[in-house]
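Taking it in order: structure first as structure tokens, then the write-up.
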Amino acid sequence: MKRSFRELRLHKDKPPQEFLCELLHREDNYVVLRYICSSPAKINSIHIEKGSTTIAHYWKYRNYILWKFKDSDDGLKGYLFHICNNIEIGKDYVKYEDLELDVWFDPEGNSTILDQDEVNDCFRRGLLDTVELSLIEQQKKEILNGFQHILKNVWSEEVAP
């Protein structure tokens, strides 16, 4: 039986977003959700087609979340890390504050930093402070240096019982 789970994403400079997902896996401080894209989407220059699947990993004590994108034919599209803060995992929801900066990895493992301009704009407008900027930089380095290690240690539906 599929279990519904909500993702609540809070932003610094726009209204909150809510997505209805399917709970795939749960531990005390970690959940894995699946979201099927009901319409085409775009993340910077990355096109996400209708029918694509996102497998999303949320850890309560990390300052990033990981989305694995598969195209509508189940082929790997890439990985997106959202740097975030205040991750809360509830009974039927996960909520977090998006800190704007994202790191994209294509299927070959090549990285692209996304939304640095949004981070700079939010800082200029006082929506991000120096502590958050430091956290963003620290997490960016951790993700870039530890990408393969992070991937090796996530729950995977391919190996789930």
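Just so it is clear, none of the values below were taken in a lab; they were calculated from the coordinates. What you are looking at is a predicted structure, and each value in this text was computed from that prediction instead of being measured. Counting neighbours? That spans all protein chains shown, and the Cβs are built from the backbone with ideal geometry, glycine included.
Overview of values
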read-out: Exposure rule at most 14 other beta-carbon atoms within 10 Å, DSSP loop GluC sites (Glu not before Pro): the chain longest free segment; value: 50-107
read-out: Trypsin sites (Lys or Arg not before Pro) restricted to DSSP loop in the range 89-161 with at most 14 other C-beta within 10 Å; value: K91, R125
read-out: Highest-fluctuation residue, S39, S52, S111 considered, GNM on the chain with Cα pairs under 10 Å; value: S39
read-out: Sum of -39500 (n - 2.57) over DSSP H runs of 4+, divided by residues of the chain (222 nm, nearest 500); value: -6500 deg cm²/dmol
read-out: Given charges at Cβ of Lys, Arg, Asp, Glu: the range 3-152 dipole, positive-most of S4, S111, I65; value: S4
read-out: Modelled FRET efficiency - R0 22 Å, K91 with T53, Cβ distances, 0.05 increments; value: 0.35
read-out: Computed label-point distance, nm, for sites N110 and K70 using a 7 Å Cα→Cβ extension; value: 2.5
read-out: Cα-centred dipole magnitude for the range 3-152, charges only on beta-carbon of K, R (+1) and D, E (-1), debye, nearest 20; value: 360
read-out: For the range 113-122, 3J(HN,Hα) per residue [Karplus equation, 6.51 cos²θ - 1.76 cosθ + 1.60, θ = phi - 60°, Hz, x = Gly/Pro]; value: 8, 10, 6, 4, 4, 5, 4, 4, 5, 5
read-out: 18 Å reach of a label modelled at S156, 7 Å along Cα-to-Cβ, counting backbone N of the range 32-66; value: 32-34, 53-58, 66
read-out: Percentage relative contact order, the chain, counting C-alpha pairs under 8 Å, at least six apart; value: 17
